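Scroll down for the structure; my scribbles are underneath it.
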Amino acid sequence: MDLDLAQVRAFVLAATELHFGHAAEDLAISQQALSKRVARLESTLGRHLFDRGGQGVRLTEAGERFLEPARQALAAADRAVAAVLDAHRPLRIDVWGHLYAPMRTLAQVAIREPRLEPGHGRDLSSVIAALLHGDMDAAFGRVHAPLPAGLTHRLVRLEPVDVIFSTEHPLAHAPAIRPAQLRDSVLWTPGPLHRLDFLHRFAEAFGIHDRAEGTNLGLDHFLADLVVDPRRFSLLPADVPLPAHPAIRSVPLVGPTPLYAWSLLWRDNDGHLPLDILVSAFVEEAERNRWLEYDPLRDWLPERQIRRMASMPQPLPQRSFSPM
């Protein structure tokens with residue numbers, strides 16, 4: 001039988017999300033249209049792929065068997081199209097975490113690779129959707145679990161984080177600060193804290209219970225709102241250049257020093273040659289600048305898996321990569 005790849009793609013996204021509404025949003029179609037595609041696929045196969053009972057959406061046994069081969073079929077189709085149409089196009093790479101200025105790192109690495117076409121994802125979820133749809137070849141930002149099957153990521157930089165606050169903050173004139181000293185301060189975030197994984201985990205790890213949320217309208221706006229309350233603080237990578245602002249102070253964090261983990265993310269078995277070049281360039285730059293140094297007695301990382309990765313040497317990439 002011949003499979004309709006649009007129907008297969010709808011099934012894979014619905015199976016990944018286990019939520020028809022979210023999968024429909026990722027495909028930019030209505031939930032009704034997605035349900036019709038899945039129903040037609042089930043009719044073609046003569047099997048129910050989902051159990052839509054009162055406990056939410058679950059894969060049936062047939063759906064579980066079909067999922068991985070379906071992903072492989074979509075990947076093969078994407079590679080076939082790329083081989084014909086995309087042999088000479090630039091590598092499309094999404095970046096996210098814009099307040100933390102990911103382009104600083106990407107530009108430093110990509111200076112030797114002119115065939116990049118950067119995009120600007122809203123967050124990790126939107127970036128994942130763009131990768132799975134084939135709209136992007138790779139992405140760069142902070143990755144945190146869980147990731148759907150079919151994607152690979154590689155840790156490429158661990159960046160020390162400073163605390164920033166008003167010069168009126170009680171700790172503003174300290175030469176360095178321990179995270180535990182911020183417990184009586186107010187964490188200022190550029191959006192809902194539950195959507196900002198790094199800041200959320202930092203607050204939980206160091207017992208910071210007072211939070212205030214704003215809107216991410218750029219660094220200047222973020223800093224202007226930060227100084228409204230002298231008890232507010234936030235975190236920024238130490239290398240982020242701050243605009244001239246007489247009321248803002250940046251102080252190193254020690255004991256431990258939080259590290260912001262930057263990763264490169266891409267689809268498994270992607271055959272786009274510039275991706276191999278970019279991964280190799282990241283590996284070389286990380287070695288040259290000691291970007292992956294990590295000492296568990298000195299540093300803090302929220303992700304248990306990344307802590308393990310950071311403590312191990314990472315070899316130069318081969319033609320295919322194992323998920324991390």
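The values are calculated or read from the model by the stated rules, or taken from the named source; none is laboratory data. Just so it is clear, the model here is predicted, and its values are computed rather than measured. Note that each Cβ is placed from the backbone with ideal geometry, even for glycine, and that neighbours are counted across all protein chains shown. These accessible areas exclude ligands, DNA and RNA; they are computed on the full protein's heavy atoms, side chains included. Shrake-Rupley method; radii C 1.70, N 1.55, O 1.52, S 1.80 Å.
So the values come out like this:
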| read-out | value |
| --- | --- |
| Gain upon complete extension [Ala174, Thr60; 0.36 nm per residue less C-alpha separation] | 35.2 nm |
| Of all accessible heavy-atom area on the chain, the percent that carbon and sulfur account for (1.4 Å) | 53 |
| Nitroxide proxy distance, nm - points 7 Å out along Cα→Cβ at Ser43 and Met1 | 1.2 |
| All Cα pairs of the range 101-212, percent lying beyond 18 Å | 63 |
| Total charge dipole magnitude, the range 3-111, about the Cα centre, Cβ charges on Lys, Arg, Asp, Glu only, Debye to nearest 20 | 140 |
| Fully extended contour minus Cα-Cα distance, from Arg183 to His22, at 0.36 nm per residue | 54.3 nm |
| Gained length - His209 relative to His245, 0.36 nm times residue gap less alpha-carbon distance | 10.2 nm |
| Reference-scaled alpha-carbon Rg (2.2 N^0.38 Å with N residues) for the chain | 1.11 |
| Computed P(r) (all Cα pairs; the range 3-140; 5 Å bins; percent) | 2, 9, 17, 18, 17, 13, 10, 7, 4, 2, 0 |
| Residue-wise HN-Hα coupling along the range 167-177, computed from phi with Karplus coefficients 6.51, -1.76, 1.60 (Hz; x: Gly, Pro) | 5, 8, 5, x, 9, 4, 9, 6, x, 7, 9 |
